[in-house]
1. Out of all the residues in segment 72-89, which are charged (D, E, K, R), modelled with pLDDT under 85 and surrounded by 13 or more Cβ atoms within 10 Å (Cβ to Cβ)?
2. Considering each residue of segment 61-70, count those that are part of a loop (DSSP other than H, G, I, E, B) and surrounded by 13 or more Cβ atoms within 10 Å (Cβ to Cβ), and give that number.
3. Are there any pairs, at least 6 apart or on different chains, whose C-beta atoms fall under 6 Å, with the first in segment 85-98 and assigned by TED's automatic domain parsing to the domain that holds C68 and the second surrounded by fewer than 12 Cβ atoms within 10 Å (Cβ to Cβ), and if so, which?
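The values are calculated or read from the model by the stated rules, or taken from the named source; none is laboratory data. Worth saying up front: this structure is predicted, and the values here are computed from it rather than measured. Ideal geometry is used to build each Cβ from the backbone, glycine not excepted, and the neighbour counts take in all protein chains shown.
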Amino acid sequence: MTSKSLISKKAQGMSLNVVIIAVIALIVLVVLAIIFAGKVKFFGGQTQSTAVQYTGQKCQIPGVNAECSSDEADCQKKGGSFDSRQFEDCAGTGCCNF
């Protein structure tokens, strides 16, 4: 009879440990979610402010292989394609995309 009660107490202690670990893990996940949500909001704001700088007809955008060019033949000789539209950052010239 004593061995049965001892087994029952061990089983109850183990489930209590599992509950405590689960609660701690849940708290950690909530804290991480709050931190991550805050960083995403910060990153979104930074992205929006950067995107505003490059709205409209822009030729020279960071990360894009393009440059202002007035000569279509020179652009094609470099291996690019010439775009003759008026660009805000190319005074009276077109854009050469590589």
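1. Passing the criteria: only D89.
2. 2
3. These pairs meet every condition: E88/G56; G94/S84; F98/N65.
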